[in-house]
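See below for the structure under consideration.
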Amino acid sequence: MKRSGLFAVVILLTLVGVCFAAPRWVPRAYYDSDQQITSASTILYDATVYYTGVTAGDRLTLSNEVAVGAVDQDDIFFTFAAPAAHGTFLYTPERALTVDGGIYLDIDKSGGTLGVNITYQ
């Protein structure tokens, strides 16, 4: 009787764990060209921008617009303009940012390297 009770508790805890499991985190990756990062609704936690050899004013934009390069202002949720030729910038919103239409990256630069690592799930 004790074994079957213990087995029932293990099964119950397993089912409860599956029901309340955290969403899957996506491993951080570096993106440095115009592209769709994900098309799924997601939650953005932070973005780290890396830039070297760029011109001040070169831009990196994250949006939830489907057409990369044709972004409406209403769809942009993060824009970074390089203040100098080299550096790093960490964007951490006060609260995680819910993005309904996916994450799309648009980079407008004259030269050098401009890219971003993001944490989302």
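The values are calculated or read from the model by the stated rules, or taken from the named source; none is laboratory data. As the structure is a prediction and not an experimental result, all values here were calculated from the model. Counting neighbours? That spans all protein chains shown, and the Cβs are built from the backbone with ideal geometry, glycine included.
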Any hit, the range 88-107, residues being over 16 Å from Y31 (Cβ atoms), without any contact (Cβ under 8 Å) to a residue 24 or more places away in the chain and out of contact with any helix residue (DSSP H, G or I) (no Cβ under 6 Å at 6 or more places or on another chain): yes
Qualifying residue in the range 71-80 (condition: under 16 Å from T113 (Cα atoms) and at pLDDT 95 or above): yes
Residue count for the range 93-105, restricted to those that are surrounded by 11 or more Cβ atoms within 10 Å (Cβ to Cβ) and either part of a loop (DSSP other than H, G, I, E, B) or more than 12 Å from the chain's Cα centre (by Cα) (or both): 4
